[in-house]
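These notes concern the structure reproduced below.
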Amino acid sequence: MESSRTPGQVVLIVEDNSANLLLARTVLERGGYSVATAQTADEVRRYLQSATPDLILMDIGLPGQDGLSLTREIKSMSQMATIPIVAVTAHAMANDEQRARAAGCDGYVSKPFRARQLLDELAAILGPDRDQAAV
Ligand code: MN
């Protein structure tokens, strides 16, 4: 996959299922993103203590604290509120997207997703060359 994307845009993938995590990581790395990963809400909190990703890809179905609750928490943190969060749900129920957006998510993808679909959703939020466009 070809990409003119500026290397260095970091996406934090939050996904408890290892196979799904590997799939998302592969797609995003081929799309030119740098990837960080977390499998639980606690791992996300730890990560955010020392880093600020450009975008968070958030699995809604997590063990323990779910992705919608975690999204609300992140969006309530003043330093983190502007990080775009794209929700990922396994079973596309009619109101999944509505619930995700109500929790503060900026985008939405349902599993199983096609690689292009995921990359398009992220590019729509981040833009093709956000780093170069930034001041
Ligand atoms: Mn899950």
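No lab work stands behind these numbers, since they all come straight from the coordinates. Owing to the predicted nature of the structure, the values given are computational and were not obtained by experimental measurement. We place every Cβ from the backbone using ideal geometry, glycine too, and count neighbours over all the protein chains shown.
Label sites at R114 and M93, each approximated as a point 7 angstrom past Cα along Cα to Cβ, lie 2.7 nm apart.
Could you tell me whether the chain comes out rounded, prolate or oblate from its Cα gyration tensor? Rule is a ≥ b ≥ c as square roots of the eigenvalues, rounded for a/c under 1.5, then prolate if a/b exceeds b/c, otherwise oblate. In terms of gyration-tensor shape, rounded.
To the nearest 500 deg cm²/dmol, what mean residue ellipticity at 222 nm is calculated for the chain from DSSP H runs of n ≥ 4 alone, each contributing -39,500 (n - 2.57), summed and divided by the residues?
My calculation for the chain gives -11500 deg cm²/dmol from helical runs alone.
Taking the Cα centre of the stretch 14-100 as origin and assigning +1 to Lys and Arg Cβ atoms and -1 to Asp and Glu Cβ atoms, the resulting dipole is close to 180 debye. Set the Förster radius R0 to 22 Å, insert the Cβ-Cβ distance between D42 and K75 as r into 1/(1 + (r/R0)^6), and round the FRET efficiency to 0.05. With a Förster radius of 22 Å, E is 0.75. Panel order for Y33, Y47, by other beta carbons found within 10 Å of each beta carbon, from fewest to most: Y47, Y33.
List the relative contact order of the chain as a percent without decimals, with contacts defined as Cα pairs under 8 Å and 6+ residues apart.
It comes to 23 percent, rounded to a whole number.
Under the simplified labelling scheme, the A19-A102 pair shows an inter-label distance of 3.2 nm, with each label point 7 Å from Cα along Cα→Cβ. Net charge of the neighbourhood of A19, taken over other residues with C-beta under 15 Å away and scored Lys/Arg +1, Asp/Glu -1, is -1.
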